[in-house]
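Read through the structure below, which is laid out as structure tokens, and then see the notes.
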Amino acid sequence: MDTQTIIILFCIGIVAGMLSGVVGIGGGIIIVPALVFFLGFSQLKAQGTSLGILLLPVGILAVIQFYKQGYIDMKTVGIVACSFVVGGYLGSKIALALPQETVKKVFAVLLLLISIKMFFFDKPKTASVKTNSVTEKPV
């Protein structure tokens, strides 16, 4: 894993952690799209890796299923999970320093922006090809 990838993963974790700390969200809304967009993960690999980051131990059964199928990148799990903890701490500090109404409005605006993007700007995906979980090459 090169330095640029590690920096991207660290940034994903910080942003997701901060959003989680500020408004209680971050996983599926930040981590999955960021892994797909910035690192070229397949949707399933991004979802599996996100589960590995966020759901241990409560989502352990889901994580095991994705891991068995090769859809979890363990290095990514480690880096993003550690930086998510830092981001969560920073985000919670910000949230606790703001009035409750401000936090509620930030949450509402974030959900609105995401829903507008999904409704108007997401393009339909073509049929995906099953890939090797390590190399992301078609099998």
Candidate set from the range 35-49 (those that are surrounded by fewer than 20 Cβ atoms within 10 Å (Cβ to Cβ) and of a type outside the set (S, T, N, Q)); member that is nearest to Gln65 (Cα to Cα): Leu44
Any hit, the range 100-107, residues being of a type in the set (D, E, K, R), modelled with pLDDT of 80 or more and either crowded, with 17+ Cβ neighbours inside 10 Å or within 18 Å of the chain's Cα centre (by Cα) (or both): no
Breaking point among (1) at pLDDT 85 or above; (2) among the β-branched types (Val, Ile, Thr); (3) surrounded by fewer than 22 Cβ atoms within 10 Å (Cβ to Cβ), for Val58: (1)
Yes/no for Gln4 being over 29 Å from Pro124 (Cβ atoms), assigned to a helix (DSSP H, G or I) and without any contact (Cβ under 8 Å) to a residue 12 or more places away in the chain: yes
Failed item, numbered, when Phe119 is tested on (1) over 19 Å from Gly48 (Cα atoms); (2) in contact with a Leu (Cβ under 6 Å, 6 or more places away or on another chain); (3) of a type outside the set (Ser, Thr, Tyr): (2)
Residues (over 11 Å from the mean Cα position of the chain (by Cα), free of Cβ contacts under 8 Å to residues at least 60 places away in the same chain and crowded, with 18+ Cβ neighbours inside 10 Å) located in the range 7-34: Ile8
Filtered residues of the range 57-87 (kept if outside any helix (DSSP H, G or I) and within 24 Å of Asp2 (Cβ to Cβ)): Gly70, Tyr71, Ile72, Asp73
The one condition in (1) out of contact with any helix residue (DSSP H, G or I) (no Cβ under 6 Å at 6 or more places or on another chain); (2) over 28 Å from Gln4 (Cβ atoms) that Ser92 fails to fulfil: (1)
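The values are calculated or read from the model by the stated rules, or taken from the named source; none is laboratory data. Predicted model only: the values in this text are computed from it and were never measured. Note: ideal-geometry Cβ built from the backbone for every residue, glycine included; neighbour counts use all protein chains shown.
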